[in-house]
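Shown next, in structure tokens, is the structure this report addresses.
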Amino acid sequence: MSDLPILSLVIWLPIIGGILVLASGDKQANITRWTALTVAILTFIVSLPLWSGFDTSTAQMQFVERSVWISQFNIEYYLGIDGISMPLIVLTTFISVFVIIAGWEVIQYKPSQYMAAFLIMEGVMVGVFSALDAMLFYVFWEAMLIPMFLIIGVWGGPNRVYATIKFFLYTFFGSVFMLVALIYMYFKSGSFDILAFHTLKLTLTEQILIFIAFLMAFAVKVPMWPVHTWLPDAHVEAPTGGSVILAAIMLKIGGYGFLRFSLPITPDASSSLDWMMITLSLIAVVYIGFVALVQKDMKKLIAYSSIAHMGFVTLGFFIVFMIAQNSDSASGAVLGMEGGMVQMVSHGFISAAMFLCVGVLYDRMHSRDIGDYGGVVNTMPIFGGLMVFFAMANAGLPGTSGFVGEFMVILASFRADFWFAFLAATTLILGAAYTLWMVKRVMFGEVANDNVAALEDINRRELLVLGSLAVAVLVLGLWPAPLVEVMDASIQNLLKHIVVSKL
Amino acid sequence: MENIYLLIVLSPLVGAIIAGFWGGQIGRVGAHWVTSAGVGIAAVLSLFVLYGFISGDNQVFNGSVYTWMVSDGLKMEVGFLVDHLTAVMISVVSFVSFCIHIYTIGYMADDEHNWPQESLAGKNSYQRFFSYISLFTFSMLMLVMSNNFLQLFFGWEAVGLVSYLLIGFWSVRPTAILANMKAFLVNRVGDFGFILGIAAVVMYTNSLDYAEVFKAVPGLADTQIQIFGDTNWSLMSVIGILLFVGAMGKSAQVPLHVWLPDSMEGPTPISALIHAATMVTAGVFMVARMSPIYELSETALSFILVIGATTAMFTGLIGIVQNDIKRVVAYSTLSQLGYMMVALGASAYAAGIFHLMTHAFFKALLFLAAGSVIIGMHHKQDIRDMGGIRKYMPKTYWTALLGSLALIGFPGFSGFFSKDAIIEAVHHSTIAGSDYAYAMVLAGVFVTALYSFRMFFLVFHGEGPRDEHAREHLHESPKVVTIPLVLLAIPSVCIGYFTVDAMLFGDWFAGALHVLPQHDTLGELGKSVHGANSMLGHVFLSPPFYLAMAGLFVAWFIYMKQPSLAEKIKGLFAPIYTLLDKKYFFDEIYQAVFAGGSRGIGSFFWNKGDRKLIDEIIINGSANNVGRFAGLVRNIQTGYLFHYAFAMILGLLFLLTWFVIF
């Protein structure tokens, strides 16, 4: 098994598959769909050995593939994963399967291009998570924009052009600064090896500049307040599948970037700017929580809720330094970091499910406006049960995955400062308020109008998608130990590394 | 033993899953059998466990079931702690739940009438209801059997979820779906404090396990922490109060009590099970379980005492002016929860748990009796429409009478022992606020008797029913309804007498509840009274008896003897009546301040922050600026050769000048 280049397979299988799907055209749409689904399922199966063959006892990179790519600049085709990237890769291949299924009958316009875009997207995102060469990472990073740009621009809603350009410019603007930082470090270290960057000596000024350059790229992706306004627009205009990938995976790339680049490369800058990161994270939780409350568009509401939930991720990552200061050891900091990671995976499931739920309604009613709904549970009881379940997960109910990460981060942030925990814990109230208020207006009550009365409950395809995600949310909520175990060694190692000054 | 404990929690869960997912296939009979059997097994096994503790065969069990997660050396587990306290709790929960499962068969029999005809949510609603109440039983059992804070929080939120689902069970009713959201959100306010309390515990003891935490807290008794600036706070007080905020939400203490009366929108069986007998007492149970922490902070105890006493008195007063039969009982529940909290605040944890137990029986009984009346009255709930029901529903009448006597603490009934013990314990307490609490709980006795018998007389006695339509069809409820009434009436009458010796004056709770010598109010009480008979012997020497009798008499006089008096009094004290009728305006204030306020803040942030400042000014603004700048620059690139030539000449001139000068 170990001889197989599994990572390359997981990257290139969907990309090549996507090109084939693209070439097959739209004449025989069903064959196209089945091909796409086969490719996605195969990719998921191929990615499973990454989990089963993963050695949880080490923080070393595993499944490493390394060969020269552009020798003049010392750029390598260098792949490898640790406990931080592996769960995210499996999450990507898992969610991609459901994105293909979710677009099955819904997408009638150019289905082959739609499916191809998602498959290529999948491979590129896995590439981002597994690249250990900074230039390779950057190529994947930028390549990710193209399919998403097309997905929103072609299959999006009425205001898709504004949204897709806003999305593109926002993220592109951020990543240019990252490129400068990467090239700077290449000149200092002589290679694009990310792991070599980790040990590269940098002065505080250099670190701060590099940190800010990375921040530009990652903060936009996460997204952190105040560079978050592209997200609600992008979500509202994106087709369901686009929203799912955007929320479930692409946002995680920002969080992943902090763990792979910002924290280990510029630990001193991270430490001296942690107050800023914590403040922005808490603004995301509280401010965005309030904003979500007044949304009238379901997708916007969930988009804002995503931003608030991602606030927990960045909070968990950046309270590390204060905990280390308070307790003279990094004890407790691991909890926050792992909490942030768990939150990313969990949010991958829950946000995907929430957007799919809205998609189910949108496919039938062609409206995302909460005011157009009411009493849906009377006509769609099975869907109602699932949506209430996901809403509860979104509100962080124990027993669902939504609780795990929030709980860990709140426990950890209490060690940093009482008030961090206090503000973070407001999500218990705010998260429940905006989610349940939406559920009340959409699902409960008497049948609001004839359109709702004519609704039909979800079909088997939709049940399969939502049901699988429900199982995932429940399993992760009832037994998160395996997930935490795979990341533990890598997080411990990362933490050991970043509390040591580079100066 | 571990297998028995697993079976106790899992059998209701299995029932809930089968009835929930395959309700359509197994049908109504299948659903109520499978869930009742599951809860029945749990009840029998719980009583078996309890018996084991009584006979002394059982050892305290403390073990883990599985490891939920290990992070950073912090072990998070799911596990059981079964001691004397747990044994009492699981027996009460599963027994009451079992009675209510049976009762529900009758109460929900015609549930399809509660749904619009075409509603698919109304299909199989009967099975779904059984699934929910079994799921509730599972959650509640997990809560009380937990041996750690994590699982406690799990159960805590899970019962909240089921409560949410059940209050809003009739989801087509606007009032029901408002009430369930309100209940969930108010509870979340409590949980907000609760989770911070847990975080504090974890920070200072590095454990979630009760045993380890309790072992560590004495060493932290003098720890001071700083929250606001440099002011020092006792860590134990902070933890105690934060955890208690959670209890205030779940056990509906002022000012987080507002959700409980509204929860009456749910079907009556769950009002009895969740919002009277079990879930709402979770806060009481939690504080008692945390007695090793609370004993170390008199501040927290005083806080509990004052909140509890306030709740006991002032929610009871509201009960006097309510006209909805279920709401009277709901306010009574609030008031009795206040009594339990007062007991905890006075360090009489055993008395709090004892009252929790007796209350579970007689209050479930009263709710079920109210439900029986509601069935008879064809879902009319206004007590002004009732009257004279005694003649039509004798079994309901007699069991309701027993329940009411237990509630007002009539000598010999179970409520007498538990309430008297609380009042006497507060009397012996010396911590701050105990005088206030004593006055409140004493006055509360009169109020309790007044509202209880006001309702009792108006519903069952006199001429009636006043509603003509109801009179024609009124008859006693079926056996599935009356048997649970009888089953609950038995402990309501006599459980106090038989258990008070062991629970309050014996060493039943010795290993489970922790009381410092200087707080031992029950011990003080034990010096003057020595058990059930001794308590009965003191009846005529203590004020509560006379207050209860006075309340009963006043209720009889106003509502039976001189019915015109009620209106006169109402007119005479109009402002007070309005204040009570409007429930001290809590709902109006909360609606304006919290609901309105958050929406206001949300709109402000969204419109001014996101849309105006960020999007319009910064993002689109800079995009526009780029556009404008490009527009300016475009003027230079005109495409006319002579413009470019002119620019070149200018440049040349400039360069030449440069060279000449430098």
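The values are calculated or read from the model by the stated rules, or taken from the named source; none is laboratory data. Keep in mind the model is a prediction, meaning the values are calculated, not measured. Please note: Cβ atoms are built from the backbone with ideal geometry, for glycine as well, and neighbour counts cover all protein chains shown.
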Given (1) touching a Leu at 6+ places or on another chain (Cβ under 6 Å); (2) touching a residue at least 24 places away in the same chain (Cβ under 8 Å), B:Tyr584 misses just (1)
Q: Tell me, yes or no, whether region B:508-531 has at least one residue that is more than 30 Å from B:Asn147 (Cα to Cα), among the charged types (D, E, K, R) and surrounded by 15 or more Cβ atoms within 10 Å (Cβ to Cβ).
A: yes
Is it the case, given these coordinates, that B:Tyr331 is under 14 Å from the mean Cα position of the chain (by Cα), crowded, with 23+ Cβ neighbours inside 10 Å and among the aromatic types (Phe, Trp, Tyr)?
yes
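So that you can scan it fast, the table gives a plain yes or no per residue for (1) part of a strand (DSSP E or B); (2) at pLDDT 90 or above:
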site	(1), (2)
B:Asn58	no, no
B:Val70	yes, no
B:Val92	no, yes
B:Thr104	no, yes
B:His113	no, no
B:Ala121	no, no
A:Leu202 fails exactly one of (1) assigned to a loop (DSSP other than H, G, I, E, B); (2) under 24 Å from the mean Cα position of the chain (by Cα); (3) buried (at least 22 other Cβ atoms within 10 Å of the Cβ), namely (2)
Given (1) in contact with a Phe, Trp or Tyr (Cβ under 6 Å, 6 or more places away or on another chain); (2) within 20 Å of B:Ile408 (Cβ to Cβ), B:Phe557 misses just (1)
*Test: residue in region A:402-418 that is acidic (Asp, Glu) and in contact with a Gly (Cβ under 6 Å, 6 or more places away or on another chain)*: yes
The residue from A:Val484, A:Val471, A:Val475 that alone is more than 10 Å from chain B (Cβ to nearest Cβ) and either crowded, with 16+ Cβ neighbours inside 10 Å or over 14 Å from A:Met387 (Cα atoms) (or both) is A:Val475
Within region A:398-417, the count of residues that are facing chain B (nearest Cβ under 7 Å) and either touching a strand residue (DSSP E or B) at 6+ places or on another chain (Cβ under 8 Å) or buried (at least 23 other Cβ atoms within 10 Å of the Cβ) (or both) comes to 6
The residue that is surrounded by the most Cβ atoms within 10 Å (Cβ to Cβ), considering only those in region B:163-184 that are at the interface with chain A (Cβ under 7 Å from one of its Cβ atoms), of a type in the set (A, V, I, L, M) and free of Cβ contacts under 8 Å to residues at least 40 places away in the same chain, is B:Ile177
Of the residues in region B:8-29, those that are under 19 Å from B:Cys99 (Cα atoms) and either basic (Lys, Arg) or in contact (Cβ under 8 Å) with a residue 12 or more places away in the chain (or both) come to B:Ile8, B:Val9, B:Leu10, B:Ser11, B:Pro12, B:Leu13, B:Val14, B:Gly15, B:Ala16, B:Ala19, B:Arg28
Checked region B:174-224 for anything among the aromatic types (Phe, Trp, Tyr) and out of contact with any Gly (no Cβ under 7 Å at 6 or more places or on another chain); matches are B:Phe192, B:Tyr204, B:Tyr210, B:Phe214
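Yes/no matrix, rows are residues, columns are (1) at pLDDT 90 or above; (2) acidic (Asp, Glu); (3) touching a Leu at 6+ places or on another chain (Cβ under 8 Å); (4) buried (at least 22 other Cβ atoms within 10 Å of the Cβ):
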{"position": "A:Trp12", "(1), (2), (3), (4)": "yes, no, no, no"}
{"position": "A:Gly25", "(1), (2), (3), (4)": "no, no, no, no"}
{"position": "A:Ala29", "(1), (2), (3), (4)": "no, no, no, no"}
{"position": "A:Thr32", "(1), (2), (3), (4)": "no, no, no, yes"}
{"position": "A:Leu48", "(1), (2), (3), (4)": "yes, no, no, no"}
{"position": "A:Phe54", "(1), (2), (3), (4)": "no, no, no, no"}
{"position": "A:Ile70", "(1), (2), (3), (4)": "no, no, no, no"}
{"position": "A:Ile75", "(1), (2), (3), (4)": "no, no, yes, no"}
{"position": "A:Gly80", "(1), (2), (3), (4)": "yes, no, yes, no"}
Checked region B:496-507 for anything touching a residue at least 12 places away in the same chain (Cβ under 8 Å) and exposed (fewer than 14 other Cβ atoms within 10 Å of the Cβ); matches are B:Phe498
Self-check item: Residue match in region B:48-70 (condition: within 14 Å of chain A (Cβ to nearest Cβ), buried (at least 19 other Cβ atoms within 10 Å of the Cβ) and either of a type in the set (Asp, Glu) or within 27 Å of A:Thr400 (Cα to Cα) (or both))
Solution: yes
Filter region B:207-226 for residues that are within 11 Å of another protein chain (Cβ to nearest Cβ) and more than 29 Å from the chain's Cα centre (by Cα); the one that is modelled with the highest pLDDT is B:Ile225
Taking region B:452-472 and the residues there that are among the acidic types (Asp, Glu) and assigned to a helix (DSSP H, G or I), the one that is nearest to B:Ser335 (Cα to Cα) would be B:Glu468
Selection from region A:419-431 of residues at the interface with another protein chain (Cβ under 7 Å from one of its Cβ atoms) and either modelled with pLDDT of 95 or more or out of contact with any Gly (no Cβ under 8 Å at 6 or more places or on another chain) (or both) yields A:Ala421, A:Phe422, A:Ala425, A:Ile429
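For (1) within 19 Å of B:Phe21 (Cα to Cα); (2) away from every other protein chain (no Cβ under 14 Å); (3) without any contact (Cβ under 8 Å) to a residue 12 or more places away in the chain, each residue gets a yes or a no:
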{"position": "B:Ser97", "(1), (2), (3)": "no, yes, no"}
{"position": "B:Ile102", "(1), (2), (3)": "no, yes, no"}
{"position": "B:Gly106", "(1), (2), (3)": "no, yes, no"}
{"position": "B:Asp110", "(1), (2), (3)": "no, yes, yes"}
{"position": "B:Asn114", "(1), (2), (3)": "no, no, no"}
{"position": "B:Gln117", "(1), (2), (3)": "no, no, yes"}
{"position": "B:Arg128", "(1), (2), (3)": "yes, no, no"}
Counting only helices (runs of 4 or more DSSP H) entirely within region A:97-161, those with at least 3 residues that are touching a helix residue (DSSP H, G or I) at 6+ places or on another chain (Cβ under 6 Å) and at pLDDT 90 or above are A:111-130, A:134-143
- Query: Is there a residue in region B:623-638 that is surrounded by 10 or more Cβ atoms within 10 Å (Cβ to Cβ), of a type in the set (Phe, Trp, Tyr) and closer than 24 Å to A:Tyr170 by Cβ?
  - Reply: yes
Report yes if some residue within region B:91-108 is of a type in the set (Ser, Thr, Tyr) and in contact with a strand residue (DSSP E or B) (Cβ under 8 Å, 6 or more places away or on another chain); otherwise report no.
no
Looking at region B:216-231, can you tell me whether even one residue there is outside any helix (DSSP H, G or I), closer than 19 Å to B:Phe194 by Cα and either among the charged types (D, E, K, R) or touching a Ser or Thr at 6+ places or on another chain (Cβ under 9 Å) (or both)?
yes
Those helices (runs of 4 or more DSSP H) completely within region A:276-383 that have 2 or more residues that are away from chain B (no Cβ under 13 Å) and crowded, with 24+ Cβ neighbours inside 10 Å are A:298-318, A:333-365
Restricted to region B:353-394 and to residues being of a type in the set (D, E, K, R) and over 22 Å from B:Phe417 (Cβ atoms), the residue surrounded by the most Cβ atoms within 10 Å (Cβ to Cβ) is B:Asp385
Practice problem: For region A:433-452, indicate whether the set of residues that are closer than 27 Å to B:Gly600 by Cβ, under 22 Å from the mean Cα position of the chain (by Cα) and more than 7 Å from chain B (Cβ to nearest Cβ) is non-empty. | Solution: yes
